[in-house]
Amino acid sequence: MKKFSFLGVLTLFILVTSCNGGKDPSPDTQSFEIFLDFWNTTGRSPEVRFDELKTSREIKIDFSKTFGGQAVGSNFTNVIIDNFRIIDQNSNNYNIEKITAFEFRDNINDWKEDVEFTMDFGQSDDISVVLVLDRSESLGADFKNVQTYATNFVDKIFAERKSVKMGVVDFADDINSFPITANSSSVKTYINGLQQGRFTTLYEAMDIGIDMLQDDDAQSKVLIVFTDGTDNNSKFSITPDFLLNKIRGDNNTYKISTFTIGLEGKGGIDKVALQKLVANGGVSEFPQNVTQLQQVFEKFSKVISNVYNLTYTRNQQAIPRNQPAKLKFVIQTTR
């Protein structure tokens, strides 16, 4: 019996090593799928819409949005999809390595790889970020840690991308702001000089941050919101629904993505509101303590700087909206 057990284990080991070349598969390499409907009613006005139910849940994009495109010359059309990120449930960020295109063909009732119509990708270097920071008394001595994490966040964002601008909106019983600038040192000096105050004017502070970004011309706009409490001092008319409608109703080509952080165990956060305020591919995180908060700021610095623009190129064949082409893209990534 002992001899048989040893041979069985040995056989299993040989089978495993022969299948993967003796190397453990990397857990940091993963594939994701996105599904789209494509139509082009005039031949020169292409549009796509993501299928949220079929698309991998790690894909962060505005699923409510129809992405429009334009004709390129006399033969092609391009649809540009902005603010595209891949983030898993632990807020880990993925880098795109390759995208393979497929189209569903009725004649074979299956997906066929498409080598003529492709999805290209590139990282957006033009990023503007506004930090909305809670400085209420409930943070106590931990506010010094928040300032440190925020200034480290500034350093990492500016180090990751060539064209970065950042501003700050800070709130307690009053609201102050520092304008969007490309000078990282001035942003850090401002954050380090913040003083704590009473109350939590969260929604009005977010409203100011949204205005700052909507007046900016960056291709990627990000609102980062940190609080340890529940709004208790904003105007009655400024609610999460008001803020979301303002973001979604933006007439600018490039929309704002919102990320929210709620530090638990202090003033008592409103998780439902903070989750609702996530928009355009953002995520929310709820650290239990300041140690976890530091980790969230570090993860968000990678997630925010690693934003993609996708470009789908196709010919000018007219395709009706009620009979769209069904597309699938398999994205190979690394972490």
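Figures for the structure shown
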item	result
Cross-link pairs K54/K246; K65/K112; K60/K255; K221/K326; K54/K255; K65/K255 - those with Cα-Cα distance over 19 Å	K54/K246; K65/K112; K221/K326; K54/K255
For region 311-317, Karplus couplings with θ = phi - 60° (6.51, -1.76, 1.60), whole Hz, Gly/Pro x	10, 9, 10, 8, 7, 9, 5
Residue-span extension gain [D51 to T291] - 0.36 nm each, minus C-alpha spacing	82.7 nm
Inter-part distance where region 260-319 and region 149-186 are each reduced to a Cα centre, Å	17 Å
In region 91-162, the trypsin sites (Lys or Arg not before Pro) that fall in loop regions by DSSP, at most 11 other Cβ within 10 Å	K162
Calculated FRET efficiency for the pair D217/N107, C-beta based, R₀ 56 Å, to 0.05	0.75
In order through region 84-98: 3J(HN,Hα) via Karplus (6.51 cos²θ - 1.76 cosθ + 1.60), integer Hz, x for Gly, Pro	9, 9, 10, 9, 8, 5, 9, 6, 7, 9, 10, 9, 6, 10, 7
The chain: Cα Rg divided by the 2.2 N^0.38 Å rule of thumb	1.16
Point-charge dipole on Cβ atoms (K/R +1, D/E -1) for the chain, about Cα centre, debye to 20	840 debye
Under 16 Å from K156, Cα to Cα: aspartates and glutamates that are on another chain or at least 8 residues apart	D125, D126, E298
Region 297-310 - phi-based ³J(HN,Hα) in whole Hz, Karplus 6.51/-1.76/1.60, Gly and Pro as x	4, 5, 5, 5, 5, 6, 5, 5, 6, 9, 10, 10, 10, 9
Calculated diffusion of region 113-230, Stokes-Einstein form, Kirkwood radius summed over Cα pairs, 20 °C and 1.002 mPa s, µm²/s	141 µm²/s
Under 14 Å, Cβ to Cβ, from S184 - net charge with Lys/Arg +1 and Asp/Glu -1	+3
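Each reported figure results from applying straightforward, stated rules to the coordinates on display, with no laboratory input. Since the model is a prediction, treat every value here as computed from it, not as a measurement. Every residue, glycine as well, gets a Cβ built from its backbone with ideal geometry; the counts of neighbours run over all protein chains shown.
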